[in-house]
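One structure is given below, encoded as structure tokens.
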Amino acid sequence: MAIVIFYEKPGCINNAKQKALLQAAGHSVESRNLLTTNWTIATLRPFFGALPVAEWFNPSAPAIKEGTVNPAALDAETAIALMLENPLLIRRPLMQVGQVCKVGFDVSEVNQWIGLEPMDPVQRAISDSLKHQDLQTCPQMAANRPSCSDVGRFH
């Protein structure tokens with residue numbers, strides 16, 4: 001199985017679920033703090049590949065929710081500069097396996113990339129439950145509570 005370098009925001013509910021799904025499939029997860037990593041253009045840009053710039057952003061980030069940052073209006077260079085200044089803007093998680101880098105956690109895409117089938121029948125129930133949840137949208141926002149990103153700006 002793969003060794004997944006997993007950049008997360010500590011305390012993010014969905015990042016915890018995503019890591020559990022990876023571990024249930026037998027992957028080794030090396031968690032890193034997305035907010036305190038010393039990002040550069042060269043280290044951050046590969047995670048976004050050919051995705052449109054607007055898909056690089058965390059829609060739960062306070063600056064986006066407040067309308068201060070409009071991802072659809074940004075070019076790649078400006079987007080990266082903003083993310084280096086404010087890592088809460090970065091869509092989560094960022095994952096790296098070997099030299100391949102990805103952003104976000106679309107279950108079907110991750111399954112095709114490294115596999116998400118549980119290694120052990122005991123893990124199957126957990127895995128099946130998690131695969132049917134929305135693992136990309138902040139559950140706090142759906143409950144009309146501050147998102148993990150809002151909470152993070154006060155730490």
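Points worth noting:
- Evaluation of A24 against (1) over 30 Å from M119 (Cα atoms); (2) modelled with pLDDT under 95 (one fails), failing number: (1)
Yes/no per residue for (1) at negative phi; (2) touching a Ser or Thr at 6+ places or on another chain (Cβ under 9 Å):
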residue: N38; (1), (2): yes, no
residue: T43; (1), (2): yes, yes
residue: A76; (1), (2): yes, no
residue: G98; (1), (2): no, no
residue: G104; (1), (2): no, no
residue: S108; (1), (2): yes, no
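- Once region 53-109 is narrowed to residues that are of a type in the set (K, R) and not in a strand (DSSP E or B), the residue that is farthest from P10 (Cα to Cα) is K65.
- Residue in region 72-79 that is of a type outside the set (F, W, Y), in contact (Cβ under 8 Å) with a residue 12 or more places away in the chain and closer than 26 Å to L130 by Cα present: no
- In region 1-31, the residue that is farthest from R91 (Cα to Cα) out of those that are free of Cβ contacts under 8 Å to residues at least 60 places away in the same chain and surrounded by fewer than 16 Cβ atoms within 10 Å (Cβ to Cβ) is S28.
- Scan of region 27-52 for residues that are hydroxyl-bearing (S, T, Y) and closer than 24 Å to I13 by Cβ, ordered by number: S28, S31, T36, T37
The values are calculated or read from the model by the stated rules, or taken from the named source; none is laboratory data. As the structure is a prediction and not an experimental result, all values here were calculated from the model. Reconstructed Cβ throughout: ideal geometry from the backbone, glycine too, with neighbour counts over all protein chains shown.
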